[in-house]
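Visitor: One structure is given below, represented as structure tokens, and several questions about it will come after.
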Amino acid sequence: MHPPSWRLTARRHLREGLTVSQSARLLGVARSTVRVWREDRPERPTGCPRCDGTDLDATAYALLLGYYLGDGHLARSRRSFSLRVTCDRAYPGIVDDVADAMARVRPGRAVHRVARTGCVVVQAQWRHWPCLFPQHGPGPKHSRPIILGDWQRAIVQRQPAAFLRGLLHSDGSRVANRVRRPVAGRMKHYVYPRWQFTNYSVDIRELCCWALDLVDVPWRQSNVHHISVSTRAGVARLDELIGLKR
């Protein structure tokens, strides 16, 4: 749904002698939309929370945003967009998690699971996906800026655990870290768990670190592409917040 001011602007255009086509070109809308405004008919809701100003399931959206930034992308078709998230088929629970989040963000829209070699692509068609994921653009995410809008940041601040689950269950791993240290003159072996997030985008890594700060989980940058949570308390806190990959 377009801003009310656009309707008033279109009517002013028509009063000033512009045609429907000219007003539509100036406003960047369809001619049929200007005709609706001219006749003072109510606009039909689009079903898009951003366009219609309706409520968005914040938990499901924060989760889906994390999955999108990790392993998702938008593909354009002739009249619509397909949101696609590629999941490792070794983790059927994550496949279910992504499909459920898509269905909750866009109720009533079919969610499909397409089997590929070694993975499952969870996808759904909708022309308004770019409204919810304005980070969409040409090229891989690490080659362009990935900046959240104010409304997206507000959702993540309310639901940081869901956002982290999407990020870490897509581009993260929980591994056993093995070290050897001398103790009283003898080498001892230690094994402890660690969460690690890997992404080539500086912006996405910074978003992960910001979300970890929101939930008071200490982190460190172990190398140029990796963020690690290695403390016993931090790993336990993340396990509690996001669960294990299944």
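Visitor: Confirm whether Gly108 is closer than 17 Å to Asp52 by Cα and small (Gly, Ala, Ser).
Guide: Yes; evaluated as a whole, the condition is true for this residue.
Visitor: Of the residues that sit in the stretch 89-124 and are out of contact with any strand residue (DSSP E or B) (no Cβ under 6 Å at 6 or more places or on another chain) and in a strand (DSSP E or B), which one is nearest to Lys141 (Cα to Cα)?
Guide: In this case the residue turns out to be Arg116.
Visitor: Within the stretch 197-218, how many residues turn out to be over 16 Å from Leu65 (Cα atoms) and crowded, with 19+ Cβ neighbours inside 10 Å?
Guide: The number of residues fulfilling the criteria is 1.
Visitor: Please tell me if Tyr200 is farther than 26 Å from Tyr91 by Cβ and of a type in the set (Ser, Thr, Tyr).
Guide: no
Visitor: Ok, one more. For residues in the stretch 44-100 being among the polar types (S, T, N, Q) and farther than 17 Å from Gln125 by Cα, which is farthest from the chain's Cα centre (by Cα)?
Guide: Looking at the filtered set, the residue picked out is Thr54.
Visitor: Does Pro160 meet the test of being under 14 Å from Ala211 (Cα atoms) and touching a residue at least 12 places away in the same chain (Cβ under 8 Å)?
Guide: Yes.
Visitor: Which residues, counting only those in the stretch 6-18, are open to solvent by less than 70 Å² (accessible area, probe 1.4 Å) and at pLDDT 85 or above?
Guide: Selection gives Thr9, Ala10, Arg11, His13, Leu14, Gly17, Leu18.
Conditions (1) touching a helix residue (DSSP H, G or I) at 6+ places or on another chain (Cβ under 7 Å); (2) of a type in the set (Val, Ile, Thr); (3) under 19 Å from Ala60 (Cβ atoms), marked per residue:
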site: Arg116; (1), (2), (3): no, no, no
site: Pro134; (1), (2), (3): no, no, yes
site: Asp150; (1), (2), (3): no, no, no
site: His169; (1), (2), (3): yes, no, yes
site: Arg180; (1), (2), (3): no, no, no
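Visitor: List every residue pair whose Cβ atoms sit under 8 Å apart, with the two residues 6 or more apart in sequence or on different chains, where the first one lies in the stretch 30-47 and is open to solvent by 90 Å² or more (accessible area, probe 1.4 Å) and the second, anywhere, is modelled with pLDDT under 80 and part of a loop (DSSP other than H, G, I, E, B).
Guide: As it stands, the answer is Pro45/Met1, since those pairs meet every condition given.
Visitor: How about the stretch 127-246: which helices (runs of 4 or more DSSP H) wholly inside it have at least 3 residues that are of a type in the set (Asp, Glu)?
Guide: Here the list reads 202-214.
Visitor: Still on this structure, please answer the following. Give me a count of the residues in the stretch 104-149 that are more than 14 Å from the chain's Cα centre (by Cα) and either open to solvent by 40 Å² or more (accessible area, probe 1.4 Å) or aromatic (Phe, Trp, Tyr) (or both).
Guide: Summing the residues that are more than 14 Å from the chain's Cα centre (by Cα) and either open to solvent by 40 Å² or more (accessible area, probe 1.4 Å) or aromatic (Phe, Trp, Tyr) (or both) in the stretch 104-149 gives 21.
Visitor: Would you tally the residues in the stretch 48-77 being surrounded by 13 or more Cβ atoms within 10 Å (Cβ to Cβ), of a type outside the set (A, V, I, L, M, F, W, C) and under 30 Å from His142 (Cα atoms)?
Guide: 12
Visitor: Hey, does the stretch 127-137 have a residue that's touching a residue at least 60 places away in the same chain (Cβ under 8 Å), out of contact with any Cys (no Cβ under 9 Å at 6 or more places or on another chain) and more than 26 Å from Asp213 (Cα to Cα)?
Guide: no
Visitor: Residues of the stretch 78-88 being open to solvent by 40 Å² or more (accessible area, probe 1.4 Å) and in contact with a strand residue (DSSP E or B) (Cβ under 8 Å, 6 or more places away or on another chain), which ones?
Guide: Selection gives Arg84, Thr86, Asp88.
The values are calculated or read from the model by the stated rules, or taken from the named source; none is laboratory data. For clarity, every value in this text was computed on a predicted model and none was experimentally measured. Using ideal geometry, Cβ is built from the backbone for each residue, glycine included, and neighbour counts are taken over all protein chains shown. Calculation scope for accessible area: heavy atoms of the full protein, side chains included, ligands and nucleic acids excluded. Shrake-Rupley method; radii C 1.70, N 1.55, O 1.52, S 1.80 Å.
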